[in-house]
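Since the structure comes first, as structure tokens, the remarks are kept for the end.
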Amino acid sequence: MFETLASGGILGLLGSVCSKGFKWLETRQQSYLTYQQFEQDLKRLQLRLQLTSEHQEQQTQRLQGMSDALVKQASYKHDVDSGAASRWVINVIRLVRPLLTLGLLVLTGFIWQQLHEAQSSLQSMLIESVLFCMTVAITWWFGDRAR
């Protein structure tokens, strides 16, 4: 039983570490993509400066500023419009972890109370599985919270 608790805790911590690692990789990839986009924008601007006269250069910069503002405005509108959910749905989603954790703790307490009775191998396997799930949930979910 101790092995089950320990392995569940270790797996939960591993899950938390993996989550942080994936977040770091995602941030790194996003930074790289932003860097590439800036490089492309810089190359486009350099070509434009080579091909145009001073007057056309001023016109292009003014239009580029307007275009950027419109693109940003459209991007912000898209970000605001996407992912809108009702308050009820958001509240239900936020209750998943606490309710699952509470359910696992109640189930673990019930099993712990029944532990003194004679056990078959199936009961023993069920108890170890529930204890494993409980330790994974506790260590992963609460270990994943940022300080």
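The values are calculated or read from the model by the stated rules, or taken from the named source; none is laboratory data. It should be emphasised that the depicted structure is a prediction, and the values quoted were computed from it without experimental measurement. Note that each Cβ is placed from the backbone with ideal geometry, even for glycine, and that neighbours are counted across all protein chains shown.
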Worksheet item: Only one of (1) closer than 22 Å to residue 6 by Cβ; (2) modelled with pLDDT under 80; (3) surrounded by 10 or more Cβ atoms within 10 Å (Cβ to Cβ) fails for residue 107. Which number is that?
Response: (2)
Worksheet item: Looking at this structure, is residue 45 in contact (Cβ under 8 Å) with a residue 60 or more places away in the chain, assigned to a helix (DSSP H, G or I) and of a type in the set (A, V, I, L, M)?
Response: no
